[in-house]
1. Among Leu85, Leu40, which is of a type outside the set (Gly, Ala, Ser) and over 27 Å from Gln167 (Cβ atoms)?
2. Which of the residues that make up region 55-72 are open to solvent by less than 20 Å² (accessible area, probe 1.4 Å) and either modelled with pLDDT of 95 or more or aromatic (Phe, Trp, Tyr) (or both)?
3. Tell me the residue from Glu52, Glu15 that is charged (D, E, K, R) and either touching a Leu at 6+ places or on another chain (Cβ under 9 Å) or touching a residue at least 12 places away in the same chain (Cβ under 8 Å) (or both), please.
4. Count, please, the residues in region 33-49 that happen to be touching a residue at least 12 places away in the same chain (Cβ under 8 Å) and not hydroxyl-bearing (Ser, Thr, Tyr).
5. Just one of the numbered conditions (1) in a helix (DSSP H, G or I); (2) open to solvent by less than 10 Å² (accessible area, probe 1.4 Å); (3) not charged (D, E, K, R) is not true of Cys118; which one?
6. Of all residues in region 148-189, which are of a type in the set (Asp, Glu), surrounded by 24 or more Cβ atoms within 10 Å (Cβ to Cβ) and in contact (Cβ under 8 Å) with a residue 60 or more places away in the chain?
7. What residue, of Glu52, Glu15, Glu75, is under 30 Å from Ile245 (Cβ atoms) and either more than 18 Å from the chain's Cα centre (by Cα) or open to solvent by 50 Å² or more (accessible area, probe 1.4 Å) (or both)?
Amino acid sequence: MFILDTEKLIQKLKEEGDQPLWEYALNQEMERSGRSREELREQMDQSLAVMERSASTARKEPVQSVTGGNACRYEQYRGKGNSLLGETASLAVGMALSCSEINASMQCIVACPTAGSCGIVPAVLLACAQSRGLDRQTLINALFTASAVGIIVGSRATVSGAEGGCQAECGAAAAMGAAAVTEMLGGTPEMAFHAAAMALKNVLGLTCDPVAGLVEIPCIKRNASGAMNALLSADLALAGVRSYIPFDEVVDAMYAIGKAMPQSVRETSKGGLAVTPTGMRMKKETQRGEEG
């Protein structure tokens, strides 16, 4: 049984000889599924391959969607050395945009934890691995770390925008990515959960208000923002900064906030950015395009 109380989980990992979070998650999945370690790692490797393709494809060539082309545009800008961000951060932004545009164009992505937030985890892990020269097995380990955090969020609360707003989607993804990067770069499970708590705290109350009902505006750029959030939170945790509010309590607060949100800003496209004058105009244009 997966331990959902992170304080108890951290204590258990210490008792197990400072077992990393990824190892615990892998062992739990072996027990739950009855599959071997090798089978599960191979499956995760296949997911990683999909992430790699989705993180690179739209950076090379513009994809076809309502807002497609920004990943390629940003990559060209970044390649000229114009980015205000460092190499790792700017690469993560481009990767997050690419994954999200691949999703918007109905191509294959890994929902981690959702399709709407699919760019955050791949972006931060792949960008950090590339900049730090980390190998594939380390990346696979990091994905198991991310899955552990996702399990806790999904079990204690929700990862659904329709239930909890974008804080539940991009917030959960940022928490997953932050924890995974922290452990991937040598942090302890305790540090990983501090990173996850900070990442989720940063977006509490974030609405889910897709313009014209499409997972593009503001979803794609929120993936880029979520990647930055994850990297910042991991950096803080690795520096020894702690979250004053424990991760479990942050998750519970996120769930309570989600329940308190009006339905209009929970993926219905009846509030927020979706009902601005420009949002309504885009909705009409999209409907006309579908009818045509």
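1. After applying the criteria, what remains is Leu40.
2. Step one: filter region 55-72 for residues open to solvent by less than 20 Å² (accessible area, probe 1.4 Å), giving 55, 58, 63, 69, 71-72.
Those that are open to solvent by less than 20 Å² (accessible area, probe 1.4 Å) and either modelled with pLDDT of 95 or more or aromatic (Phe, Trp, Tyr) (or both): Ala55, Ala58, Ala71, Cys72.
3. Answer to the selection: Glu52.
4. To start, the set of residues in region 33-49 that are touching a residue at least 12 places away in the same chain (Cβ under 8 Å) comprises 40-41, 44-45, 47-48.
Those still in the list that are not hydroxyl-bearing (Ser, Thr, Tyr) too: 40-41, 44-45, 48.
Total meeting the criteria: 5.
5. Going through the list (1) in a helix (DSSP H, G or I); (2) open to solvent by less than 10 Å² (accessible area, probe 1.4 Å); (3) not charged (D, E, K, R), Cys118 breaks only (1).
6. Residues of region 148-189 that are of a type in the set (Asp, Glu), as a first pass: 163, 169, 183.
Narrowing further to those that are surrounded by 24 or more Cβ atoms within 10 Å (Cβ to Cβ): 169, 183.
Matches in region 148-189: Glu183 only.
7. Glu15
The values are calculated or read from the model by the stated rules, or taken from the named source; none is laboratory data. Note that the structure is predicted; figures quoted are calculated from it, not measured. Here the Cβ is made from the backbone with ideal geometry for all residues, glycine too, and neighbour counts use every protein chain on show. Heavy atoms of the whole protein, side chains included, go into the accessibility calculation; ligands, DNA and RNA do not. Shrake-Rupley method; radii C 1.70, N 1.55, O 1.52, S 1.80 Å.
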